[in-house]
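Comments concern the structure below.
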Amino acid sequence: MIVKGTMDIVEETLVKARISNRRRAIYCFHKSPDETPQRMINAFLEGTYARPHKHENPDKLETFTILSGDIAVLTFDNLGNIEDKVILSYNGKNKIAEIPPRTWHSLVVLSQEAAVYEIIEGKYNPMTHKDFAPWAPSEEDSNFRDYLGTLRNAVSS
């Protein structure tokens with residue numbers, strides 16, 4: 001399929017993110033959970049929190065390509081220490097980040113809004129899609145804001 005009007009899709013997805021309590025929204029190109037790979041535009045607003053997680057059992061490679069704005073992609077060791085970070089910037093030199101299977105990762109939005117094209121290997125099964133990091137607060141935990149601030153500070157240092 002040839003995708004036309006990609007930036008229109010980005011803007012439509014950002015509009016949905018602006019009214020979302022989670023401050024993010026997804027536009028899926030895959031039309032069923034059985035379709036592979038998973039392909040989507042993920043739109044984020046500053047302050048959204050994506051709990052660190054990894055994809056294993058089954059293992060899945062995840063790829064982000066920046067479409068607008070700026071984000072930091074972070075990887076962690078098993079204790080929650082940041083191992084690596086890269087800034088993806090629409091106007092910068094880094095445009096793509098690949099997250100290997102079994103790698104704890106998250107992102108921090110650095111601009112008011114950002115959007116990525118995301119590809120994840122394999123089928124979507126909500127029961128096995130993500131393993132959440134036990135050392136990071138859940139999205140429902142009010143402490144996530146403090147943790148997100150810690151990640152943001154680590155990105156700027």
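Of the numbered conditions (1) closer than 19 Å to Asn153 by Cβ; (2) in a loop (DSSP other than H, G, I, E, B), Gly92 satisfies every one except a single condition; which is it?
Of (1) closer than 19 Å to Asn153 by Cβ; (2) in a loop (DSSP other than H, G, I, E, B), only one is false for Gly92: (1).
When you scan the stretch 47-67, how many residues do you find that are surrounded by 16 or more Cβ atoms within 10 Å (Cβ to Cβ) and closer than 21 Å to Leu151 by Cα?
Total satisfying the criteria: 12.
Looking only at the stretch 101-122, decide whether some residue is among the basic types (Lys, Arg) and either at pLDDT below 95 or surrounded by 14 or more Cβ atoms within 10 Å (Cβ to Cβ) (or both).
No - not one qualifying residue is present in the stretch 101-122.
If the requirement is being in contact (Cβ under 8 Å) with a residue 40 or more places away in the chain, under 12 Å from the mean Cα position of the chain (by Cα) and within 23 Å of Lys16 (Cα to Cα), which of these qualifies: Tyr124, Tyr117?
Only one candidate passes the filter, namely Tyr117.
Tell me, which residue of the stretch 70-100 that is within 13 Å of the chain's Cα centre (by Cα) and among the small types (Gly, Ala, Ser) is surrounded by the fewest Cβ atoms within 10 Å (Cβ to Cβ)?
Ala72
Scan the stretch 116-131 and give yes if some residue there is touching a Ser or Thr at 6+ places or on another chain (Cβ under 7 Å) and among the small types (Gly, Ala, Ser), otherwise no.
yes
Mind checking which residues of the stretch 9-29 are surrounded by 17 or more Cβ atoms within 10 Å (Cβ to Cβ) and either in a helix (DSSP H, G or I) or modelled with pLDDT under 95 (or both)?
Ile9, Val10, Thr13, Leu14, Ala17 - these are the residues of the stretch 9-29 that are surrounded by 17 or more Cβ atoms within 10 Å (Cβ to Cβ) and either in a helix (DSSP H, G or I) or modelled with pLDDT under 95 (or both).
Is it true that Ser32 is of a type in the set (S, T, N, Q), surrounded by fewer than 16 Cβ atoms within 10 Å (Cβ to Cβ), closer than 25 Å to Val3 by Cβ and modelled with pLDDT of 95 or more?
no
Considering the stretch 131-157 alone, what residues qualify as being within 16 Å of the chain's Cα centre (by Cα), surrounded by 16 or more Cβ atoms within 10 Å (Cβ to Cβ) and not in a helix (DSSP H, G or I)?
Once the filter is applied, which keeps residues that are within 16 Å of the chain's Cα centre (by Cα), surrounded by 16 or more Cβ atoms within 10 Å (Cβ to Cβ) and not in a helix (DSSP H, G or I), the stretch 131-157 yields Ala133, Ala136.
Name every residue in the stretch 103-126 that is in contact with a Lys or Arg (Cβ under 9 Å, 6 or more places away or on another chain) and assigned to a loop (DSSP other than H, G, I, E, B), in order of residue number.
Within the stretch 103-126, Thr103, Leu110, Glu121, Gly122 qualify.
What are the pairs, 6+ residues apart or on separate chains, where a residue within the stretch 13-40 that is under 15 Å from Val116 (Cβ atoms) and in contact (Cβ under 8 Å) with a residue 12 or more places away in the chain has its Cβ under 6 Å from a residue that is in a loop (DSSP other than H, G, I, E, B) and not charged (D, E, K, R)?
From residues that are under 15 Å from Val116 (Cβ atoms) and in contact (Cβ under 8 Å) with a residue 12 or more places away in the chain, the pairs are Arg23/Gly47; Arg23/Thr48; Arg24/Thr48; Gln38/His30; Gln38/Tyr124; Arg39/Phe29; Arg39/His30.
When the residues of the stretch 65-89 are narrowed to those that are acidic (Asp, Glu) and in a strand (DSSP E or B), which ends up farthest from Ser156 (Cα to Cα)? Lay out the reasoning, then the answer.
Of the residues in the stretch 65-89, the ones acidic (Asp, Glu) are 70, 77, 83-84.
Narrowing further to those that are in a strand (DSSP E or B): 70, 83-84.
Numbers: Asp70: 13, Glu83: 15, Asp84: 13 Å.
Looking at residues that are acidic (Asp, Glu) and in a strand (DSSP E or B), I get Glu83.
The values are calculated or read from the model by the stated rules, or taken from the named source; none is laboratory data. Model, not experiment: these values are computed from the prediction. Reconstructed Cβ throughout: ideal geometry from the backbone, glycine too, with neighbour counts over all protein chains shown.
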